[in-house]
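Student: One structure is given below, represented as structure tokens, and several questions about it will come after.
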């Protein structure tokens, strides 16, 4: 059953991608190939069927997440879900008819085709109806425009442009061939002289896609240069910077790739929180997961080899070590304190221990401040944060350094790697210290380990120290956080 479930999920993920690739190839073949009669009709029907099937595979959600639902009566919510289903099915057939008419019109005289434009208009109206239905079903839809006269006019203008482009869809191949596809067209002649015709077309399609992407990359670089020269305060510069067709950004927390050109968009995002993709070629297909960079895990052989590095602790042992660390932190703190936060950041050969005394964040407090202190804070106009202080402790001076190291060792697992930061918060059970918790007047109110975000190092470790840490706690590359991949390109 598990194998069947994985196969079904894989099919649901890759089937839309395969259909999109097929449609791109068929549309290009229909636009540039010299076919007529029954062969043209069969090709147009194939495009229509695949387009409708792709739309049907993009099944809409009928119920919003419980945390985001907008209260609606049961009848209104049911009516909204019913309209969503009806619009989904009707749109699938309209998209199919549009694909058929566009493919059939490629060999006709260039000009405006009213049937295609009419179907595009109906599709835009159905999109608005679907947004209204989603609102009725309890969603918070993205309307795509601001609630102002100018925003509504801009939205209507965008829709009109899309309808006009759809009407002139059969004319676009001539323009594309003249403006962009000159190189791929000559490449097709080159390939035809080397390989059979059935293989020359896929190779030409691939070359056309690469050429088109290269043109947009050059355009994006020129836009960024112009936007940088004009500056962010210039309206034209800001617009050019916000409408770059191809963008790629990699940080310590995520990776973003966005290819957005009119009706075509390919978007990919991967972060420590999850990954998402979106593919739009007239139709839109999207997917996401909360598994993030953990999607590529160790193989069975790697897992057996790495398990010998795991040194887990029992719950009683963890509690014992935490109590020891907390007691040492309380001893190192000043006499008057109410909240302590201990931060331990480490790799092999580099350790930092920082103790924060009475941090200003009121959310961290487990009890309300006395009324007289609240009044005093108001008089000082929010100066409470000034009473907070940070104590940087030398690791050699911290008596329970071995306990911190042992807790970090226990955090290592084959699937997740090791923690690079440990945070512990201690608070007095009562501001006066008269009410005691066990044998001490304080308790551990918070404990957490951090892997996905880069620690706030006071002195960052060297690449060599990172590599030594990865040898001590080996982690396959697919399970390393993004910031660590940026710091260590290889492990020797």
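The values are calculated or read from the model by the stated rules, or taken from the named source; none is laboratory data. Source: prediction; values computed, not measured. We place every Cβ from the backbone using ideal geometry, glycine too, and count neighbours over all the protein chains shown.
Student: Against the definition (assigned to a helix (DSSP H, G or I), more than 29 Å from residue 14 (Cβ to Cβ) and in the same structural domain as residue 141 (by TED's automatic domain parsing)), how does residue 99 come out, yes or no?
Tutor: Values: assigned to a helix (DSSP H, G or I): yes; more than 29 Å from residue 14 (Cβ to Cβ): no; in the same structural domain as residue 141 (by TED's automatic domain parsing): yes.
Considered against the rule, which asks whether it is assigned to a helix (DSSP H, G or I), more than 29 Å from residue 14 (Cβ to Cβ) and in the same structural domain as residue 141 (by TED's automatic domain parsing), residue 99 comes out as no.
Student: What's the number of the only condition in (1) in contact with a strand residue (DSSP E or B) (Cβ under 7 Å, 6 or more places away or on another chain); (2) buried (at least 20 other Cβ atoms within 10 Å of the Cβ) that residue 91 fails to meet?
Tutor: Unmet for residue 91, out of (1) in contact with a strand residue (DSSP E or B) (Cβ under 7 Å, 6 or more places away or on another chain); (2) buried (at least 20 other Cβ atoms within 10 Å of the Cβ): (1).
Student: Any residue that is modelled with pLDDT of 85 or more and at negative phi - is there at least one of those in the stretch 94-108?
Tutor: Step one: list which residues in the stretch 94-108 are modelled with pLDDT of 85 or more, which gives 94, 96.
Still in the list and also at negative phi: 94, 96.
The answer is yes; a qualifying residue exists.
Student: Hey, can you tell me all the residues within the stretch 225-267 that are modelled with pLDDT of 70 or more, part of a helix (DSSP H, G or I) and touching a helix residue (DSSP H, G or I) at 6+ places or on another chain (Cβ under 7 Å)?
Tutor: Selection gives 226, 227, 240, 241.
Student: Still on this structure, please answer the following. Determine whether residue 455 is part of a loop (DSSP other than H, G, I, E, B), surrounded by 13 or more Cβ atoms within 10 Å (Cβ to Cβ), modelled with pLDDT of 50 or more and within 31 Å of the chain's Cα centre (by Cα). Spell out how you get there, then give the answer.
Tutor: On the way: part of a loop (DSSP other than H, G, I, E, B): yes; surrounded by 13 or more Cβ atoms within 10 Å (Cβ to Cβ): yes; modelled with pLDDT of 50 or more: yes; within 31 Å of the chain's Cα centre (by Cα): yes.
Criteria met by residue 455.
Student: With the condition kept exactly as written, say whether any residue in the stretch 32-41 is under 19 Å from residue 98 (Cβ atoms), surrounded by 10 or more Cβ atoms within 10 Å (Cβ to Cβ) and at pLDDT 70 or above. Walk me through how you get there before you give the answer.
Tutor: The first filter runs over the stretch 32-41 and keeps only residues under 19 Å from residue 98 (Cβ atoms), leaving 40-41.
Those still in the list that are surrounded by 10 or more Cβ atoms within 10 Å (Cβ to Cβ) too: 40-41.
In the following step, the residues that additionally are at pLDDT 70 or above were identified as 40-41.
The answer is yes; a qualifying residue exists.
Student: If you scan the stretch 42-57, which residues turn out to be in contact (Cβ under 8 Å) with a residue 60 or more places away in the chain and surrounded by fewer than 19 Cβ atoms within 10 Å (Cβ to Cβ)?
Tutor: Going through the stretch 42-57, the residues in contact (Cβ under 8 Å) with a residue 60 or more places away in the chain turn out to be 43-44, 51, 54-55, 57.
Answer for the stretch 42-57, where residues must be in contact (Cβ under 8 Å) with a residue 60 or more places away in the chain and surrounded by fewer than 19 Cβ atoms within 10 Å (Cβ to Cβ): just 57.
Student: State whether the residues of the stretch 122-143 include one that is part of a helix (DSSP H, G or I), at pLDDT 75 or above, in the same structural domain as residue 26 (by TED's automatic domain parsing) and closer than 30 Å to residue 214 by Cα. Even if it seems obvious, please write down each step before you answer.
Tutor: The initial filter retains those residues of the stretch 122-143 that are part of a helix (DSSP H, G or I), namely 122-136.
Narrowing further to those that are at pLDDT 75 or above: 122-136.
Within this subset, residues satisfying the condition of being in the same structural domain as residue 26 (by TED's automatic domain parsing) are 122-136.
Retained after the next criterion (residues that are closer than 30 Å to residue 214 by Cα): none.
No, that holds for no residue.
Student: Taking the conditions exactly as written (at pLDDT below 85 and more than 35 Å from the chain's Cα centre (by Cα)), does residue 399 satisfy them or not?
Tutor: Numbers: at pLDDT below 85: no; more than 35 Å from the chain's Cα centre (by Cα): yes.
Judged against the criteria, residue 399 is not a match.
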